[in-house]
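Structure first, then comments.
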Amino acid sequence: MPSRRVVSRSNTPAVSTAPADSAPSTAPAAASTSTATLAQSIKGKAKEHQSGFVGAVQDLWDSYLEHTAPRLKLIDSFMLFLMLTGIAQFAYCFGITNYPFNAFIGGFAATVGQFVLCAALRIQANPANKDTFPTLSPERAFGDFLFASMLLHFFVWNYLG
């Protein structure tokens, strides 16, 4: 019988010239070990170099977790809450009822206004923007945020009547 050729899937091909009718050798065990090693290296490289949309989002998330200050993460989580609240109010208004329409307008305006104020606070409190706001301390930015938030809610309260 002709000799059997076994090709490994690793970077260096391995060729076995053992006859087909001879006793089983360690080639299948080596091939399965080689295949397992290859699968692990492919999974590791795939995690390191994900391409496409999923890879870009994963890289963005990892960079956000690594480089963003905890204070800014707190502001971001509040902004996410405000965005979800606004979406819920909008869906309720158009999906169920808009009977007290001024209540919807007041609540939605408060949500959007608070989101904008949080975005301004995040920009001003970000240490990477020190060059843009050289004379503004994070405490002063927070004080401005509190004053503007109270003013916003005063107008919303008066709008609701």
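The values are calculated or read from the model by the stated rules, or taken from the named source; none is laboratory data. Values in this document were obtained by computation on a predicted structure and should not be read as measured data. Glycine gets a Cβ as well: all are built from the backbone with ideal geometry, and neighbour counts include every protein chain shown.
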Q: Please go through region 134-149 and pick out each residue that is closer than 14 Å to residue 121 by Cβ and of a type outside the set (Gly, Ala, Ser).
A: 136, 138, 139, 140, 142, 144, 145, 146, 147
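Results for (1) touching a residue at least 12 places away in the same chain (Cβ under 8 Å); (2) of a type in the set (D, E, K, R); (3) out of contact with any helix residue (DSSP H, G or I) (no Cβ under 8 Å at 6 or more places or on another chain); (4) not in a helix (DSSP H, G or I), shown as yes or no for each residue.
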| residue | (1), (2), (3), (4) |
| --- | --- |
| 55 | no, no, yes, no |
| 60 | no, no, yes, no |
| 78 | yes, no, no, no |
| 108 | yes, no, no, no |
| 115 | yes, no, no, no |
| 119 | yes, no, no, no |
| 123 | no, no, no, no |
| 133 | no, no, no, yes |
Q: Determine which member of the set 85, 97 is of a type outside the set (A, V, I, L, M, F, W, C), under 21 Å from the mean Cα position of the chain (by Cα) and more than 17 Å from residue 157 (Cβ to Cβ).
A: 85
Q) Taking interchain pairs and intrachain pairs at least six residues apart, which have beta carbon atoms under 8 angstrom, with the first residue in region 135-157 and assigned by TED's automatic domain parsing to the domain that holds residue 123 and among the hydroxyl-bearing types (Ser, Thr, Tyr) and the second assigned to a helix (DSSP H, G or I) and modelled with pLDDT of 95 or more? A) 149/114; 149/117
Q. Taking into account only those residues within region 64-76 that are of a type outside the set (Val, Ile, Thr) and in contact (Cβ under 8 Å) with a residue 24 or more places away in the chain, which is surrounded by the fewest Cβ atoms within 10 Å (Cβ to Cβ)?
A. 69
Q: Output yes when any residue across region 44-51 is at pLDDT 65 or above, out of contact with any Leu (no Cβ under 6 Å at 6 or more places or on another chain), among the charged types (D, E, K, R) and outside the structural domain of residue 118 (by TED's automatic domain parsing), and no when none is.
A: no
